[in-house]
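The values are calculated or read from the model by the stated rules, or taken from the named source; none is laboratory data. This one's a predicted model, so the numbers in the text were calculated from it and none came from an experiment. All Cβ positions, glycine included, derive from the backbone under ideal geometry; neighbour counts span all protein chains shown. Only protein heavy atoms, including side chains, enter the accessible area calculation; ligands, DNA and RNA are left aside. Shrake-Rupley method; radii C 1.70, N 1.55, O 1.52, S 1.80 Å.
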Amino acid sequence: MQRNLLLGVEAIGQAAIDAGISGVYAYPGTPSTEITEYIQNNRLARERNIHREWSANEKTALEAALGMSYAGKRTMACMKHVGLNVAADVFMNMAITGINGGLVVAVADDPSQHSSQNEQDSRFYGKFAMIPVFEPSNQQEAYDMTYEAFAFSEKAGLPVMMRIPTRLAHSRSGVVQKMVQTENPLKMPENLMQFMLLPVYGRKYYQNLLDKQDWLAELSEESAYNQYFEGKEKSLGIVCCGITYNYLMENYPNGNCPYPVVKIAHYPVPQKLLQKLENECDELLVVEEGYPLVEELLTDFFGKGTKVSGRLDGTLPRRGELNPDHLAKALGRELEEPLQIPDTLVGRPPSLCAGCGHQDTYEALNEVIAEVGNGRVFSDIGCYTLGALPPYNTINTCVDMGASITMAKGAADAGLSPVFAVIGDSTFTHSGITGLLDCVVEKSNVNILIVDNETVAMTGGQDSSAKGRIEKICEGVGVAPEHIRLFVPLKKNHDEIVKIIREEIAYNGVSVIIGRRECVQRIAKMKRLHKKEAAKNGQ
Amino acid sequence: MKTDIILAGVGGQGILSIAASLGAAALNENYYLKQAETHGMSQRGGAVVSHLRIADHPIYSDLIPTGQADLILSVEPMESLRYLPYLSPQGSLVTNTAGFVNISNYPDLENTFDELSKKINIIRIDADQIAKETGNPKASNMVMLGAASPFIAIHEEIIIKGIETIFKAKGEKIVEMNVEAFKAGRAFSLNKC
């Protein structure tokens, strides 16, 4: 069998294509970005002209996916864990409407917060919405389970969540592909009121969802991905969710784990398998990447039952991603003292690239802040967040996409003046426009710097929905045209930038100051792409 | 057979082409492979690492356990030290000597390497210089792969085939230059061993 080396995210992208999706909808976010990029670059996806453009944010992405499902086609929406917060409204409600064409929500969690504000566990969202969640343990399962998820979604009449952590998203292994399926034909929902959640319908559909729960549990029980591995040593039974199974088995390279193990990759949790494990073993160890979802479920509230250990009792760390060493320790293995990191080693934190325009913006802003005082620059999420670190130390907040503008507004409402918001172009169109509207409606005294590098830079230079539209959007929302200012973030323009910021501070109202210069990485990326295209055309 | 490799460097230095070459080699031989890499925020001039595992039997963990790496292959000297706890005491450390200095407090590492070389096998190579001498300054990564190749349980010819697979699309000349760089790096290490 032909094996292709694929990242976990790429395996999901390939499986979705092979399962006959007609569209992928997504907003970039590490570690989920490459699912969509893989589909964008795939030959079959291009030939079939599968929808594969970026959406403005995760909410618009998931809603569009639901619309495609309404029309009978298979579709996938992709996002990082915190992106699901943005899409939570439609996510919760689409569980109640159900789906028509198979719909998969691929969510990449980031335990240890390699590139995120938190390490929230998306399985809780799946449980909250009461829909099936698939959590593959390796790249092949990521492929197989995604491939099957579309048919499963259609069978269950519900969206299915694919949940993967960073370590599976960004690890490569050999993957065997399955047969390519044809796309679904256009097909209206049988009940044209299926997606109508007026309370009179919504109550009925919610009851339908509740009524499906026992059946979903049975399907979990039968799932080939939920497995019971026998073991002779019954003092301990181990429950491993998703990728953690590998960390356990790494400690038994010949596959000879002495303890009985239940491997969970398909939720709701397989109750009978867990019951069997509890019957056979004295104690249980629950190993899961993320929050202790299964552990909480199994832990006996009144302390009368089987002892359960895991992240809650300190057997495993409460926070951060797991690894084989954590499992070794939890199993009582003595590890040899490893080589020590020499004292001479220093940290090398991420930093703005040489030539990045954000540097020039922060140099200028810092000069003004020195005059008006620290602690008044609200920001959010993008490369510009690195302005929180030395040598700039310019920005004071990073909470969620778009919160720069709205938090600045709240602080201005409280009486702080002057206040600044620093937001990127793509973050502005993702979640900044509605906040700007609030400011305009109330004539808030805010100075909004849109640091426009004409791309979604942090995730690798994807197309930004904001490109060429920012001034028009601001004018349309109602910002006074004379207070929409533009500068080019270059060293030579330093004095001019400082002057513009000072002038806008003096204005009591909404100012939008746009610093526009293309991301240096994006320029290099486009050059590479053009070179590649030219070479291809030359052949 | 198994080789567990920690690939280290700084975001943007391109350690992934080394991983890709070994990946192609492993695949050609029907070996099992897992390779975990760093994407996202850290790529912006920060420390990046890739865990590369190759074996003739299935591999469970995407991450190498502490003390089990056979090799640290670093394209930057300071970064080679960051992952020392992963290295097996019998393992080898192969590092470029050309530093990537994008921080103000970059340390002097001479004494550290002298001390360390009493404990473990270390190969230090000026890959940037050797790449220049072979006529392809961009092939420093392939010099490093060559220098590390004696410690990887895949035959030289198979790794070269992997390099050919990776650079094939860029034309014969590029393939040749990268293979030359690989051979120069390998010769350097074999002279030291």
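Worth a mention:
Conditions tested, residue by residue: (1) more than 19 Å from A:Val133 (Cα to Cα); (2) part of a strand (DSSP E or B); (3) open to solvent by 10 Å² or more (accessible area, probe 1.4 Å).
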| residue | (1), (2), (3) |
| --- | --- |
| A:Ala11 | no, no, no |
| A:Glu37 | yes, no, yes |
| A:Ala45 | yes, no, no |
| A:Met68 | yes, no, yes |
| A:Cys78 | no, yes, no |
| A:Gly101 | no, no, no |
| A:Pro111 | no, no, no |
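- Among residues of region B:114-135, those that are open to solvent by less than 20 Å² (accessible area, probe 1.4 Å) and more than 8 Å from chain A (Cβ to nearest Cβ), counted: 4
- When region B:24-37 is limited to residues that are surrounded by fewer than 24 Cβ atoms within 10 Å (Cβ to Cβ) and under 26 Å from B:Asp128 (Cα atoms), the one that is farthest from the other protein chains (Cβ to nearest Cβ) turns out to be B:Ala24.
- For region B:81-99, a residue qualifies if it is touching a residue at least 60 places away in the same chain (Cβ under 8 Å) and at the interface with another protein chain (Cβ under 8 Å from one of its Cβ atoms), and the qualifying residues are B:Arg82, B:Tyr86, B:Leu87.
- Every pair of residues 6+ apart whose Cβ atoms lie under 7 Å, when the first sits in region B:41-64 and is at the interface with chain A (Cβ under 9 Å from one of its Cβ atoms) while the second is hydroxyl-bearing (Ser, Thr, Tyr) and assigned to a strand (DSSP E or B): B:His57/B:Tyr32; B:Pro58/B:Tyr32; B:Ile59/B:Tyr32; B:Asp62/A:Ser171
- Subset of region A:494-534 [of a type in the set (Asp, Glu) and within 30 Å of A:Glu482 (Cα to Cα)]: A:Asp495, A:Glu496, A:Glu503, A:Glu504, A:Glu518
- Of all the residues in region B:144-193, those that are touching a strand residue (DSSP E or B) at 6+ places or on another chain (Cβ under 9 Å), open to solvent by 60 Å² or more (accessible area, probe 1.4 Å) and not in a helix (DSSP H, G or I) number 1.
- Candidates B:Asn141, B:Asn111: the one that is within 14 Å of another protein chain (Cβ to nearest Cβ), not in a loop (DSSP other than H, G, I, E, B) and not charged (D, E, K, R) is B:Asn111.
- Subset of region A:229-260 [assigned to a strand (DSSP E or B) and over 30 Å from the mean Cα position of the chain (by Cα)]: A:Phe229, A:Leu236, A:Gly237
- Test result for A:Ser32, among the hydroxyl-bearing types (Ser, Thr, Tyr) and surrounded by fewer than 24 Cβ atoms within 10 Å (Cβ to Cβ): no
- Residue in region B:29-50 that is of a type in the set (Asp, Glu), at pLDDT below 95 and more than 12 Å from the chain's Cα centre (by Cα) present: yes
- Scanning region A:326-338 for residues that are open to solvent by 30 Å² or more (accessible area, probe 1.4 Å) and either outside any loop (DSSP other than H, G, I, E, B) or at the interface with chain B (Cβ under 7 Å from one of its Cβ atoms) (or both) turns up A:His326, A:Lys329, A:Leu335, A:Glu336, A:Pro338.
- Residues within region B:65-77 that are within 9 Å of chain A (Cβ to nearest Cβ) and hydroxyl-bearing (Ser, Thr, Tyr), tallied: 1
- A search for C-beta distances below 6 Å between a residue of region A:263-283 that is aromatic (Phe, Trp, Tyr) and any residue that is open to solvent by less than 60 Å² (accessible area, probe 1.4 Å), counting only pairs 6+ apart in sequence or on different chains, returns A:Tyr267/A:Val133.
- Restricting attention to region A:285-303, the residues being modelled with pLDDT of 95 or more and open to solvent by 10 Å² or more (accessible area, probe 1.4 Å) number 6.
- Within region A:197-225, the residues that satisfy the criterion of being without any contact (Cβ under 8 Å) to a residue 24 or more places away in the chain and farther than 16 Å from A:Ile131 by Cα are A:Leu198, A:Pro199, A:Val200, A:Tyr201, A:Arg203, A:Lys204, A:Glu222, A:Ala224.
- Looking across region A:110-157, the residues that are acidic (Asp, Glu), more than 29 Å from A:Gly382 (Cβ to Cβ) and away from chain B (no Cβ under 14 Å) come down to A:Glu135, A:Asp144, A:Glu148, A:Glu154.
- Residue check, A:Gly347 out of contact with any helix residue (DSSP H, G or I) (no Cβ under 8 Å at 6 or more places or on another chain), surrounded by fewer than 15 Cβ atoms within 10 Å (Cβ to Cβ) and away from chain B (no Cβ under 12 Å): no
- Looking only at region B:45-101, and only at residues there that are open to solvent by 30 Å² or more (accessible area, probe 1.4 Å) and of a type in the set (D, E, K, R), the one that is nearest to A:Leu345 (Cα to Cα): B:Arg82
- Residue check: B:Asn102 meets all listed conditions (1) part of a loop (DSSP other than H, G, I, E, B); (2) touching a residue at least 60 places away in the same chain (Cβ under 8 Å); (3) more than 10 Å from chain A (Cβ to nearest Cβ) but one, namely (3).
- Looking across region A:359-400, the residues that are away from chain B (no Cβ under 11 Å), in contact (Cβ under 8 Å) with a residue 60 or more places away in the chain and crowded, with 17+ Cβ neighbours inside 10 Å come down to A:Gln359, A:Asp360, A:Thr361, A:Glu363, A:Ala364, A:Leu365, A:Val368, A:Tyr384, A:Cys398, A:Asp400.
- Members of region A:20-29 found to be in contact (Cβ under 8 Å) with a residue 60 or more places away in the chain and buried (at least 24 other Cβ atoms within 10 Å of the Cβ), listed by number: A:Ile21, A:Tyr27, A:Pro28, A:Gly29
- Those residues of region A:270-284 which are surrounded by fewer than 23 Cβ atoms within 10 Å (Cβ to Cβ) and in a loop (DSSP other than H, G, I, E, B), in sequence order: A:Cys281, A:Asp282
- Among residues of region A:429-444, those that are of a type in the set (S, T, N, Q) and touching an Asp or Glu at 6+ places or on another chain (Cβ under 9 Å), counted: 2
- Annotation: of all residues in region B:5-14 being open to solvent by 10 Å² or more (accessible area, probe 1.4 Å) and within 14 Å of the chain's Cα centre (by Cα), the one that is farthest from A:Pro350 (Cα to Cα) is B:Gly14.
- Of A:Tyr225, A:Tyr201, A:Tyr206, all but one fail to be away from chain B (no Cβ under 12 Å), touching a His at 6+ places or on another chain (Cβ under 7 Å) and either in a loop (DSSP other than H, G, I, E, B) or surrounded by fewer than 23 Cβ atoms within 10 Å (Cβ to Cβ) (or both); the exception is A:Tyr225.
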